[in-house]
Amino acid sequence: MALSPKARSLAARCEPRVNELARRMARESFEELPGYAELPDDVKDLEIAATARHGVRLFLRSVSESDAVRAGGHRLFRETAAQGAEEGMPLQLLLRTHAHGVYVLWQALRDIAVPGEEGALIELVDLLLRSHQGVVGAVTETYLDERTALEAERRAHVRSLVRGLLDGMVPPGHVLLDQLCLEGPALVLALGIDADSDETPVGVRRRLRRVQAALDHTFGVEVLALLETRGGRVIVPMECRPPDDLPRRLARAGGCQVRVAAVQATGLEEVTEAARTATEILRITRACGIPPGLHRLDDVLLEYHLSRRSETSHRIAALLDPVADRPELLETLRTHLAHQQDRRATAAALGLHPNTVDNRLARIGEQTGIDLSAPRGTALAIAALLLRDADCEL
């Protein structure tokens, strides 16, 4: 809507004061804003003053040119917002400078208005308030986009460092690890998540964010986590014991069963080995059919020992070759061992009759020569399952 000649005349009389208004905003008016006084002088005198000057001139142009803003007038505001986000200037301070600038400009228009120009002043204030909405939108959108990009970049950098440490690619004394602020003992976790294979990428990201939040809340710190669809590894930067109900908390957050292996590292130099051990504990619990829960090395000490590879490992793993094409027999064996060789518990877990379990176990013994009723046969079966599982993951 075109402004009246009186409104355009009033705005024109304000043009000679553009530089003065910009200096006043940058060096006087904004000083009362919380946090502004701490900004460097060059930021006030150059960047903020230039932005204020641009804002005043843009408004005065819009009085006579209605498409002034559409022709890229917000570009400088966006650039300043992006720079402020990068330098850590609070968004509320940035928005307050723009809001206060509007007030200073209103004061200038009011001061130069003469009797009879009340209607023109109302027209200009109406335009000023309407244009300010666009500025606030442009500044906020750009600032938040920039902060989001910077945060994503920071997280990617941290993930890279954490992955390097866990995989042994970045040695403990490397200068880059100073950025992780890791000192002293740490708790290392390996997580196994029984997620739905049909889950959408958006669903996966949401679930992992909830799991991360649950970890942070549980330990009271921001844990260093590498989380993926099926699980991940976590460094808790302090000496602590995980709560016994940690798997339940994570399962509630993620909406699916979670198994957790925990290993304590007494120092940064032990984190890599602790991660390897935790990952191996997790693999063993799965291979042995142990239900999801919180697992430590002592819980699977025998299984861990039996799963160590040696020159005879391939011969032990081959003991189960005769039933390798019968997955139902292997699953029955795995479940039977996980349930302390209780035939009724095994049958209940598999939804079978106990006699069916007996028949399957007998068939395994006949075809493999492993006597599952003897301690030695049980140990051989456990070792064979673990070694075959390890071979499948290679």
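FYI, it's all coordinate maths here, none of it is from the lab. The structure presented is a predicted model; accordingly, all values stated were derived computationally and were not measured. No Cβ is skipped: glycine too gets one built from the backbone with ideal geometry, and neighbour counts run over all protein chains shown.
Details
- Considering only VAL211, VAL323, VAL170, the Gaussian network model of the chain with Cα springs below 10 Å gives its largest mean-square fluctuation to VAL323.
- Dipole in debye (nearest 20) - region 5-150, about Cα centre, beta carbon charges: Lys, Arg +1; Asp, Glu -1: 520
- Placing R0 at 30 angstrom, the Cβ-Cβ distance between ALA50 and ALA12 gives a FRET efficiency of 0.85 after rounding to 0.05.
- Theoretical gain in end-to-end length, ARG363 to THR148 [0.36 nm per residue, Cα-Cα removed]: 71.4 nm
- The protection proxy used here, the mean number of other Cβ atoms lying within 10 Å of each residue, ranks peptides 291-300, 327-336, 369-378 as follows, highest first: 327-336, 291-300, 369-378.
- Spin-label model, ARG308 to GLN133: label points 7 Å out along the Cα-to-beta-carbon direction sit 7.3 nm apart.
- DSSP bridge orientation in region 166-297 - percent antiparallel, rounded to nearest 5: 90
- Remark: TYR103, TYR143, TYR36 ranked as TYR103, TYR36, TYR143, counting other beta-carbon atoms within 10 Å and listing the fewest first.
- Additional length obtainable on full extension of the chain from TYR103 to GLU228, 0.36 nm per residue less Cα span: 40.0 nm
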